[in-house]
């Protein structure tokens, strides 16, 4: 088997994936600290060091396997992965229900900013004179947009323990939020079921495509 395509895929996606996951998790910790919860800070998890956030299976093995299989098969497999969650003690927040919304939204917001940054790099690379780095940077910029858009949209699904689920819980009345929180143990199994049945790609597809169109319009790419 020719390993050159595999190495090429991994080299292109390595930095975008590491940045996307690391800054997503660090953003949760920074915002939690801002609102009074020092849990992540005390455990050294408010860090831009990827090693502090990497989960061997979720950050490396699963995303690489999905990328390799989808690219080599010519398909458009939905990138899926996870990092070690940044610990947040919501009861330690100054206003737990209200502040939880901002802590949860910080991760997807970080992915949005990174998607914009990769799109700007992609646009700049188009405008600059062609050189040895042109193609790799174009491919990496495209990968950065893809990774961050998918992670942003995925995490905004209203399903606990995803960020979207936390946002919904913070907006619901107290009794309804309590009942909704009881569904959290089922969240990850439901997510995996949606992934393996292909339903997740159907649900996320329109939102991902819309996000691509917005970036394309903003940067004329």
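Key figures
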read-out: Selected residue [surrounded by 19 or more Cβ atoms within 10 Å (Cβ to Cβ) and part of a loop (DSSP other than H, G, I, E, B)] from 159, 154; value: 159
read-out: Any pair with Cβ under 6 angstrom, 6 or more apart, that starts in the range 92-104 at a residue that is free of Cβ contacts under 8 Å to residues at least 40 places away in the same chain and ends at one that is part of a helix (DSSP H, G or I) and buried (at least 17 other Cβ atoms within 10 Å of the Cβ); value: 96/90
read-out: Pair list, Cβ under 9 Å, 6 or more apart: the range 175-186 residue in contact (Cβ under 8 Å) with a residue 60 or more places away in the chain, other residue surrounded by 12 or more Cβ atoms within 10 Å (Cβ to Cβ) and outside any helix (DSSP H, G or I); value: none
read-out: Output for the range 195-221, where each listed residue is within 22 Å of residue 83 (Cβ to Cβ) and either surrounded by fewer than 12 Cβ atoms within 10 Å (Cβ to Cβ) or over 17 Å from the mean Cα position of the chain (by Cα) (or both); value: 196
read-out: Qualifying position, being more than 25 Å from residue 27 (Cα to Cα), touching a helix residue (DSSP H, G or I) at 6+ places or on another chain (Cβ under 6 Å) and free of Cβ contacts under 8 Å to residues at least 24 places away in the same chain, among 194, 127, 121; value: 194
read-out: Among (1) at pLDDT below 95; (2) in a helix (DSSP H, G or I), the one test that residue 145 misses; value: (1)
read-out: Residue within the range 95-108 that is surrounded by fewer than 20 Cβ atoms within 10 Å (Cβ to Cβ), at pLDDT 95 or above and assigned to a helix (DSSP H, G or I) present; value: yes
read-out: Number of the exception - residue 82 against (1) surrounded by fewer than 17 Cβ atoms within 10 Å (Cβ to Cβ); (2) under 13 Å from the mean Cα position of the chain (by Cα); (3) in a loop (DSSP other than H, G, I, E, B); value: (1)
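The values are calculated or read from the model by the stated rules, or taken from the named source; none is laboratory data. If you're wondering where the values come from, they're calculated on a predicted model, not measured in any experiment. A quick note on method: Cβ atoms are made from the backbone with ideal geometry, for glycine too, and the neighbour counts reach across all protein chains shown.
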